[in-house]
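Data first, discussion second: the structure below is written as structure tokens.
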Amino acid sequence: MRPHPEIDFQPRRTRPLPVLATAAAAAALLAPLALGPAHAAEPVYEPWRDAASDHGVTMGFALSPQHLSIDGYRQVAEREFDLVVAENAMKWDATEPSRGAFSWGQADQVAAFAESIDADLYGHTLVWHSQLPGWVESISDPVELRTVMHDHIDAVAGRYAGQVDAWDVVNELWEGDGSRRQSVFQRVLGDGYVAEALTRARQAAPDADLCLNDYSTDAINAKSTAMYELVADLIDDGVPIDCVGFQSHLIVGQVPSSFQQNLQRFADLGVDVRITELDIRMNVPASAADLQRQAADYRAVVEACLAVDRCTGVTVWGIDDGHSWVPDVFSGQGAALPWDAQYQPKPAYSAVAEALGAELDGGSGPDPTPTPTPTGGPDEGTCSVAWSVAAWDSGYTGTVSVTNTGPDPWSSWQLVAALPAGQQLQQGWSAQWSQSGGTLTASNAAWNASVPPGASVQVGYNATHAGDTTVPTDVAVNGSACT
Ligand code: G3I
């Protein structure tokens, strides 16, 4: 298996385990049992797929159908996701191990499972240098290789025509410096093989969106720019290209700052974009601080997608840390997925749910013991707030749910609150956060500006503290004090 050499090794940070503040501890008692040593139990939110549908996006996962016999795996798969991609089952070595001898068992299982949960089916992948049988790798005659590539696309894309919504037609065609990877297809057929594969796939599966997919193209860099220029050229040449996938196999703390801007520049070309293989790895055993950082990273990735109109959603590359490609390839690393090996949700699960604006399951809000805040002021009574903190020795994560309890919709909102002495904002999500003296301010993000009467919005932030971890007070939204 090929590691990703251009992704730097991330040194392990060690931080003490967090100590839950009172409100969060109460919430934890009502949530599923935490089995891992480094993360507390997470609240249960409405399914990701339901929250995502409010944004017009889908949440996907890479399925290995042999794991469906595991109750925890299947239950998460059925509850959370509305897009399924085969982790391995639709690749060349799985579908056509010998020339013209096709094997559909696992691929059909993936398609059937997607249908059974009313999920989109995403095809991965038709033309790729890896997991490619030796009999293809050894072809040196262009006429023969062209025929073999066409036959493979016809058979695989054709079999699932009408079922697969989008195909990764060509996967990982670039080297890190933006030059073409010297796969057998590149060496024998030249640059034109990409356009040929796309054109053939359109014939075989006329209704499927056709994508190019790669890793380390998440930032604006030489590799993503090579992809960008190719997509622009393909469009100019009338070649069918509908979408670009950004794998996003990331390292904790290293979500590229240009991620959203990069997605947007592709969208501006007129193609859809998708986060196709998200996982965020770290050194193991994972520290509580790294799991919190990972949660913030997952949140940032989902928010970047939601901020780009043509982003169709996010696919995580697996479900749980017990079944992930990461430890096999990156020695000493893992913990890259939102569920742990016992299928207990990690902080990343909650972060994704909150980024999607998910309600707590049953609509009870993220903190079952909301902290009342002082009321008063002329417009009293148009908002309520539930505020909780999960603290460790020097910092905490604050989670805030604000509900519009008034009769009128909010088209924008701004929350202000008084921070207890010694608390200092570090970073926030799902809003624009700032601190001036002891006043904390959060203004809506573009995607959660609109809050109808009765609806809630969830936001969060990290702060340092000097011993006082009580929740902020004097909360007001749009000038109206909250109850
Ligand atoms: O199927 C054989 C099995 O017969 C054999 O007994 C076993 C012994 O190790 O190996 C099995 O094959 C493994 C296969 O996964 C199926 O489990 C391969 O060794 C292993 O290399 C392969 O790894 C996959 C990897 O792609 C191959 O490149 C990972 O599961 C899969 O998650 C990973 O996915 C790729 C995407 O397709 C493209 N982007 C990067 C991503 C991560 O590398």
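The values are calculated or read from the model by the stated rules, or taken from the named source; none is laboratory data. Remember, it's a predicted structure, so these values are computed and weren't measured experimentally. Note that each Cβ is placed from the backbone with ideal geometry, even for glycine, and that neighbours are counted across all protein chains shown. For accessibility, only protein heavy atoms count, side chains too; no ligands or nucleic acids. Shrake-Rupley method; radii C 1.70, N 1.55, O 1.52, S 1.80 Å.
Tabulated data
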{"read-out": "Residue match in the range 78-85 (condition: assigned by TED's automatic domain parsing to the domain that holds A166, within 15 Å of the ligand (Cβ to nearest atom) and surrounded by 21 or more Cβ atoms within 10 Å (Cβ to Cβ))", "value": "yes"}
{"read-out": "Single residue of S430, S411 found to be within 29 Å of the chain's Cα centre (by Cα) and open to solvent by 30 Å² or more (accessible area, probe 1.4 Å)", "value": "S411"}
{"read-out": "Residue pairs meeting the criteria (Cβ under 8 Å; at least 6 apart or on separate chains; first outside the structural domain of N171 (by TED's automatic domain parsing), in the range 204-226; second modelled with pLDDT of 95 or more)", "value": "none"}
{"read-out": "Within the range 222-336, helices (runs of 4 or more DSSP H) holding 1 or more residues that are at negative phi and of a type in the set (S, T, N, Q)", "value": "222-236, 259-267, 288-306"}
{"read-out": "Single condition G56 does not satisfy, out of (1) away from the ligand (no atom under 15 Å from the Cβ); (2) part of a loop (DSSP other than H, G, I, E, B); (3) touching a residue at least 40 places away in the same chain (Cβ under 8 Å)", "value": "(3)"}
{"read-out": "Test set (1) more than 30 Å from D207 (Cβ to Cβ); (2) surrounded by fewer than 23 Cβ atoms within 10 Å (Cβ to Cβ) - A307 fails condition number", "value": "(1)"}
{"read-out": "Residue within the range 224-236 that is buried (at least 20 other Cβ atoms within 10 Å of the Cβ) and under 17 Å from the mean Cα position of the chain (by Cα) present", "value": "no"}
{"read-out": "Answer residue from the range 198-220, given it is under 15 Å from D233 (Cα atoms) and open to solvent by less than 40 Å² (accessible area, probe 1.4 Å) and is farthest from the ligand (Cβ to nearest atom) among those", "value": "L198"}
{"read-out": "Selected residue (criterion: most open to solvent (accessible area, probe 1.4 Å)) from residues of the range 88-107 that are within 10 Å of the ligand (Cβ to nearest atom) and assigned to a loop (DSSP other than H, G, I, E, B)", "value": "N88"}
{"read-out": "Options G176, G162, G134; residue that is within 16 Å of the ligand (Cβ to nearest atom), assigned by TED's automatic domain parsing to the domain that holds E78 and either among the hydrophobic types (A, V, I, L, M, F, W, C) or within 30 Å of Q109 (Cβ to Cβ) (or both)", "value": "G134"}
{"read-out": "One residue from Q163, Q131 being under 31 Å from the mean Cα position of the chain (by Cα), polar (S, T, N, Q) and closer than 17 Å to P97 by Cβ", "value": "Q131"}
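Matching residues to (1) more than 16 Å from the ligand (Cβ to nearest atom); (2) without any contact (Cβ under 8 Å) to a residue 40 or more places away in the chain; (3) surrounded by fewer than 24 Cβ atoms within 10 Å (Cβ to Cβ):
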| residue | (1), (2), (3) |
| --- | --- |
| D272 | yes, no, yes |
| D279 | no, no, no |
| G313 | yes, no, no |
| Y343 | yes, no, yes |
| A353 | yes, no, no |
